[in-house]
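Below you'll find the structure, written out as C-alpha cells, and then a few comments.
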Amino acid sequence: MTALKSYEDWKHCITRLCGIPLTGPYIEQRLTALRDPANSTTQKFVAIWGEQHRLSVIGWFEEAQQETGGTSTSSAPSGKAS
C-alpha cells in the first residue's frame, strides 16, 4: 500500500474504502493516540509508515475535525506538516 499524499485521498480512503465515518469522537480518539509517542499503536504506525506520514495524518485528522465543527481538547502542538 502506498502512503496517501493528500487530505482528499486520505479522507476517501477512510470514509469510502474503509467505511469509517469521521465523527467527532473517532477523530479525537485517533488524534490522542497519534500524538502519543508511547502509544503502542502509534509506534507500529510509525514503524510502518514513518514519522513524516504520522505528522501528515495528524494534520488530516485536524482538518477533518475543523470540517465537523469540532475542536481538539489536546494542548499538544499541531502535527501538521508544512
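Here, each number is a calculation from the coordinates, and none is a lab measurement. Since the structure is predicted, the reported quantities are computational estimates derived from the model, not experimental observations. Neighbour counts are summed over all protein chains in view; Cβ atoms, including those assigned to glycine, are modelled from backbone coordinates with ideal geometry.
Below are the figures for this structure:
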| quantity | calculated |
| --- | --- |
| Residue within the range 1-19 that is out of contact with any Gly (no Cβ under 6 Å at 6 or more places or on another chain), small (Gly, Ala, Ser), assigned to a loop (DSSP other than H, G, I, E, B) and within 15 Å of Glu63 (Cα to Cα) present | yes |
| Residues located in the range 28-65, provided they are over 18 Å from Cys13 (Cβ atoms) and not in a helix (DSSP H, G or I) | Arg35, Asp36, Pro37, Ala38, Asn39 |
| Of residues in the range 6-58 being surrounded by fewer than 15 Cβ atoms within 10 Å (Cβ to Cβ) and touching a residue at least 40 places away in the same chain (Cβ under 8 Å), the one nearest to Gly69 (Cα to Cα) | Gly24 |
